[in-house]
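> Below is one structure. I have some questions about it.
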Amino acid sequence: MAIETTQPGGIEYPGEEAPTPLQPVSRRSEWLRPHAGWAIVGGVVGYLIGHWLGNVIASGYINVQGSGQNDVATVLGLSLGVAGFLTGIGALNYPLAKMIGREPPPAVPEHNWVRYFRMTEDHKVVGLQYTVGVLLFLFTGGLLAMAIRTELLSPSSHVFGPGIYIALVGEHGTIMMMMASSAVVGPLGNWLVPLMIGTRRMAYPRVEAFSFWIFLAGYGVILTALFFGGFPTGWTGYAPLQTQASGGMDSYLVGFAVIGIGMICAGFNLAATIINYRAPGMTWSRVPIFVWAVLATTALLTLATPTLVVAGLFGVLDRTAETAFFVNEHGGSNFLWENLFWFFGHPEVYIMALPGFGIVMEIMPVFTRKPLFAYKVAAAGMLGVALLSFFVWQHHIFQSGINPDMRPLFMLTTELISIPTGFLFLVALGTLWKAKIRFDTPMLFCLGMLFNFLIGGVTGVFLSDVPVNVTVHGSFFVMAHFHYTIMGGLIFALFAGLYFWIPKMTGKTMNKRLSKWHFWTFFTFFNLTFFPLFLVGILGQPRRVFEYAANLQTLNDISTISAYCLGASFFFFIINFIWSIYLIPHDAPDNPWDSRGLEWQTPTPVPWFNFEHIPVVLSDPYHYGEPDAPPVADLGRVLVSAGGAPAEAVGHGDVSPPGDGGDLDPRPPIL
Amino acid sequence: MSSAWRVTTAVGLFAVAVVGIIFAVLGLLSQPPTVDFTAGHSAGQPVDVTLQTVGSYGSGDHPTWVSYLTESPQGQWVHTTLWQLPAHTRVNMTIYNYDSGSPLRNQQIGQVTGTIGHVALLNGKPVRVINSNAGNGVGHTFSIPTLGINVPLYGNNGNANLCAAAPCTVSSPHQIFKFSFTTPGPGQYPWQCFVPCGLGFLFGNGGPMQTIGYMDGFMKVSA
């Protein structure tokens, strides 16, 4: 993929001419075309049809008659509801048109707000749809967390019953895990990757849009669990409780499978795009580190998630068709679920963590004005984590009856994974070393992420040791650990990324004062919420139980009050976002952070075709602080300077004036 | 779009979200009614609580589910397992069991524990343990784990014409249990049936066994 960068004269630019926007062809009325409203209608109609069909099929079953619970009807209702939702949004239009031999009309760029409620082939719109979708997940899961913490204010006086409490815990965990699995890859991956690698589109833009809308459908499905009595298993859905549970378990199984399909679609689309659609000159050693992180994540998404989808299908069959995949007495095994679930579940941890590290390592050079330390080690670390993550899953079931002789092996593999993870940490610290740091909000969130992830990571090494694991398994210690890694790591990184890229994504500037208020309250109350939970965990408070020992109330109350403040701190972001983007918008400059990243070299707002000319990439984007740094890319008319700012408009065949000072590359221009 | 219109839209959407959240929270807070045994109670006097068990509730969302019912001080049968009781007070419990029985998987819960005198009266005769492998077996237990209370409820003959819809009356086959215990200090104490009796659920552990108002509930003790 490398190009000869000293080639004199002109270069043949693939896609030389900017695509001419297509003229709208004759179309139906705007409101008759597929959009989110029709998707909701389709979902409701699909659910009703499926539920009716399930009653026709199964109402005569002995275990259904008069029980008030028909799992066949619930599963069919939810499945056809999802199908109806996708039909309403128009996800099936293209394949159906092809199947009947008609050529669908080409996608036409839309510029009105309605495009955010439609299937679209514009990766930037999909990225923003994902952003709002992920924030919706986060908000819903956060409200459930507030309910959980409210219940734990008192050891013996209760707001909710035990069944409602465990339903809230399960719903919170599942929604947050679903959200977190797409939190970075969905919004920032879809929005940024094509821009970062210099392409105009995703490899499979319709699949990309499909992945978002099915992700949203999964959100609806999992929410329905609350209306069907919840599920008593927490987010892990262990059998045999899974098989015994009420109708909410159907929502869990169908919802996870639906989200899983979306994750697989998003994963292979991003992988195909990164591998095949890089711009000329975007060699593997020049690929931005965030793209490496996304690539490593896509390997996990495409290889681990199918296990979850299949396991969910098995669970659905056990509950509806009387199969016995997870029923010991009938020849199955509940361990099968545990292994299938965690074979997905542990790579899932890195599906969440790796993009977070990618964001942090992408942002830190900008605010330290230093090259990324040990770029290749960082990329290798990500691939190492991705590979090893498939060999550690049984540490989740040390206490669930696995062969004790297997424990040392999985303890070893789990400890091994801390080595490539340590690479990533050292890369971040090396980049910080002796830097003159600009403490803007994105950088603050990066530093917060490193602090939190250090605590989460170190406690994770403790937990990988069998003796410690035996002691604290199922306690709040484990809960605090994974909140430090996921919320303290991923969500901090997500906010770092949002504050960093929102000016490019929306063309608007966020309010700096509110941003910093958000960070400091978020960081402070995050630690005040979750650190006490390490202590109550060591003191014996079990997860998923709504009563606890009276002597733990003070620590729990500190955690609960802090959790309220943590929840309130989100409003700084929400108010800032609505205020800055919608109510009183201020236009952002093209490159407000002076970044060398390729995505920042585009105009703001980014045109629908991204680049007027396909760029030729000339170096990696991390040569900050280097006087002789090569330009990042030749955009056809703009050479990107070492400092990151577009240096000067240069037409093809023109010659940049040598030695004209400033940040312009003093070498002969490469045109 | 004017700023005023934007603000109005944002505030409107916010209001819709708040209303939706309030409805959702109220929905989660809904639970069966609590029968109050503290009203009019004189200190030092015992409280009489009467329950019944029925093999299938017969109506509502789950007509085939097994369930407990509670008789209110006014003599009405209420479909609930939540009670309000005074602290440090003797409770005289009467349970009418209208359900059949079966052998226990764990004979440990065939013992009467935690009651005053560690005894219960089965149709007027004192018992300390019920052999569930003999006779009609055990249908349910009344258990308050935190207080160590466990009373096995001897079942009815499954071939008899058992009551199939609550509330049942004494004209149907039944067994009567009487026992007493003392309430502890203020707090909420979960109680439940320990016999996996959720027919139609794997190993009998699903459905009514996990649902307040059916086979588990709370004794809310107030000062």
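The values are calculated or read from the model by the stated rules, or taken from the named source; none is laboratory data. Since the model is a prediction, treat every value here as computed from it, not as a measurement. No Cβ is skipped: glycine too gets one built from the backbone with ideal geometry, and neighbour counts run over all protein chains shown.
> Touching a residue at least 40 places away in the same chain (Cβ under 8 Å) and crowded, with 23+ Cβ neighbours inside 10 Å: is that true of A:Val114 in this structure?
Answer is no for this residue.
> Only one of these conditions is not met by A:Phe439: (1) part of a helix (DSSP H, G or I); (2) of a type outside the set (Val, Ile, Thr); (3) closer than 30 Å to A:Phe573 by Cα. Which number is it?
Failed condition: (1).
> Here is a follow-up. Which of the residues spanning region A:510-543 are within 19 Å of A:Thr459 (Cβ to Cβ) and basic (Lys, Arg)?
Listed by number, the list holds a single entry, A:Arg543.
> Mind telling me which of the residues A:Tyr499, A:Tyr484 ends up being touching a Pro at 6+ places or on another chain (Cβ under 7 Å) and surrounded by 21 or more Cβ atoms within 10 Å (Cβ to Cβ)?
Just one listed residue meets the conditions, A:Tyr499.
> Here are some conditions: (1) surrounded by fewer than 22 Cβ atoms within 10 Å (Cβ to Cβ); (2) free of Cβ contacts under 8 Å to residues at least 60 places away in the same chain. A:Arg543 meets all but one. Which one does it not meet?
Looking at each condition in turn, A:Arg543 falls short on (2).
> Determine which member of the set A:Glu626, A:Glu599, A:Glu612 is over 30 Å from B:Leu13 (Cα atoms), part of a helix (DSSP H, G or I) and charged (D, E, K, R).
Exactly one residue qualifies, and that residue is A:Glu599.
> Just one of A:Gly567, A:Gly597, A:Gly537 is small (Gly, Ala, Ser) and closer than 30 Å to A:Pro631 by Cβ; which is it?
A:Gly597
Matching residues to (1) of a type in the set (Val, Ile, Thr); (2) in contact with a Leu (Cβ under 9 Å, 6 or more places away or on another chain):
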site	(1), (2)
A:Pro106	no, yes
A:Arg115	no, no
A:Glu121	no, no
A:Leu143	no, no
A:Thr150	yes, no
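> Would you mind telling me which numbered condition in (1) in a helix (DSSP H, G or I); (2) within 28 Å of A:Leu533 (Cβ to Cβ); (3) of a type in the set (A, V, I, L, M, F, W, C) A:Leu409 fails?
The failed condition is (2).
> Okay, next question. Identify, please: which residue in region A:148-172 is of a type in the set (Val, Ile, Thr) and within 11 Å of chain B (Cβ to nearest Cβ) and is, among those, nearest to B:Asp216 (Cα to Cα)?
Going through the qualifying residues, I end up with A:Ile164.
> Out of the residues in region A:426-479 that are closer than 19 Å to A:Phe530 by Cα and in contact with a Pro (Cβ under 8 Å, 6 or more places away or on another chain), state the one that is surrounded by the most Cβ atoms within 10 Å (Cβ to Cβ).
A:Phe476
> In addition: Among the residues that make up region A:503-513, is at least one of them part of a helix (DSSP H, G or I) and either of a type in the set (A, V, I, L, M, F, W, C) or in contact with a His (Cβ under 6 Å, 6 or more places away or on another chain) (or both)?
Within region A:503-513, one or more residues are part of a helix (DSSP H, G or I) and either of a type in the set (A, V, I, L, M, F, W, C) or in contact with a His (Cβ under 6 Å, 6 or more places away or on another chain) (or both).
> Of all residues in region A:561-589, count the ones that are away from chain B (no Cβ under 14 Å) and either buried (at least 17 other Cβ atoms within 10 Å of the Cβ) or part of a helix (DSSP H, G or I) (or both).
11
> Given the options A:Leu494, A:Leu444, A:Leu514, A:Leu490, name the one that is in contact with a helix residue (DSSP H, G or I) (Cβ under 6 Å, 6 or more places away or on another chain), closer than 28 Å to A:Val392 by Cβ and touching a residue at least 24 places away in the same chain (Cβ under 8 Å).
So the residue among A:Leu494, A:Leu444, A:Leu514, A:Leu490 that is in contact with a helix residue (DSSP H, G or I) (Cβ under 6 Å, 6 or more places away or on another chain), closer than 28 Å to A:Val392 by Cβ and touching a residue at least 24 places away in the same chain (Cβ under 8 Å) is A:Leu490.
> For region A:136-147, indicate whether the set of residues that are buried (at least 23 other Cβ atoms within 10 Å of the Cβ) and away from chain B (no Cβ under 14 Å) is non-empty.
Taking every residue of region A:136-147 in turn, at least one turns out to be buried (at least 23 other Cβ atoms within 10 Å of the Cβ) and away from chain B (no Cβ under 14 Å).
> Please work out which one of (1) in contact with a strand residue (DSSP E or B) (Cβ under 7 Å, 6 or more places away or on another chain); (2) surrounded by fewer than 18 Cβ atoms within 10 Å (Cβ to Cβ); (3) on the phi < 0 side of the Ramachandran plot is the condition A:Pro615 fails and give its number.
Here A:Pro615 meets the rest and fails (2).
> Taking region A:67-108, which residues are within 14 Å of chain B (Cβ to nearest Cβ) and modelled with pLDDT under 90?
Answer for region A:67-108, where residues must be within 14 Å of chain B (Cβ to nearest Cβ) and modelled with pLDDT under 90: A:Ser67, A:Gly68, A:Gln69.
> Inspect region B:51-61 for any residue being more than 13 Å from chain A (Cβ to nearest Cβ), out of contact with any Phe, Trp or Tyr (no Cβ under 7 Å at 6 or more places or on another chain) and closer than 28 Å to B:Ser222 by Cβ and give the result as yes or no.
Within region B:51-61, not a single residue is more than 13 Å from chain A (Cβ to nearest Cβ), out of contact with any Phe, Trp or Tyr (no Cβ under 7 Å at 6 or more places or on another chain) and closer than 28 Å to B:Ser222 by Cβ.
> Given region B:114-187, what strands (runs of 3 or more DSSP E) lie entirely inside it while holding 1 or more residues that are without any contact (Cβ under 8 Å) to a residue 12 or more places away in the chain?
So the answer is B:125-127.
> Does A:Lys124 qualify as being more than 10 Å from chain B (Cβ to nearest Cβ), more than 27 Å from the chain's Cα centre (by Cα) and not hydrophobic (A, V, I, L, M, F, W, C)?
So A:Lys124 does not fit the description; no.
> Here's something else I'd like to know. Can you pull out every residue in region B:188-217 that is away from every other protein chain (no Cβ under 11 Å) and assigned to a strand (DSSP E or B)?
B:Trp191
> Taking A:Phe439 as meeting all but one of (1) modelled with pLDDT of 95 or more; (2) in contact with a helix residue (DSSP H, G or I) (Cβ under 7 Å, 6 or more places away or on another chain), write down the number of the exception.
The one condition A:Phe439 does not meet is (2).
> Among the residues of region B:83-106, are any closer than 21 Å to B:Val49 by Cβ, hydrophobic (A, V, I, L, M, F, W, C), touching a Ser or Thr at 6+ places or on another chain (Cβ under 9 Å) and assigned to a loop (DSSP other than H, G, I, E, B)?
yes
> Now a separate question. Of all residues in region A:149-165, how many are hydrophobic (A, V, I, L, M, F, W, C), surrounded by fewer than 22 Cβ atoms within 10 Å (Cβ to Cβ) and in a helix (DSSP H, G or I)?
Residues flagged as hydrophobic (A, V, I, L, M, F, W, C), surrounded by fewer than 22 Cβ atoms within 10 Å (Cβ to Cβ) and in a helix (DSSP H, G or I) within region A:149-165 amount to 0.
> Now for a separate question. Taking the condition assigned by TED's automatic domain parsing to the domain that holds B:Asp99, β-branched (Val, Ile, Thr) and farther than 23 Å from B:Val112 by Cβ, does B:Ile176 pass?
So B:Ile176 does not fit the description; no.
> Among A:Thr236, A:Thr224, A:Thr199, which is the only one that is touching a residue at least 40 places away in the same chain (Cβ under 8 Å), more than 17 Å from the chain's Cα centre (by Cα) and crowded, with 23+ Cβ neighbours inside 10 Å?
After applying the criteria, what remains is A:Thr199.
> For region B:1-35, which positions are part of a helix (DSSP H, G or I) and at the interface with chain A (Cβ under 8 Å from one of its Cβ atoms)?
Answer for region B:1-35, where residues must be part of a helix (DSSP H, G or I) and at the interface with chain A (Cβ under 8 Å from one of its Cβ atoms): B:Ser3, B:Arg6, B:Val7, B:Ala10, B:Ile21, B:Ala24, B:Val25, B:Gly27, B:Leu28, B:Leu29.
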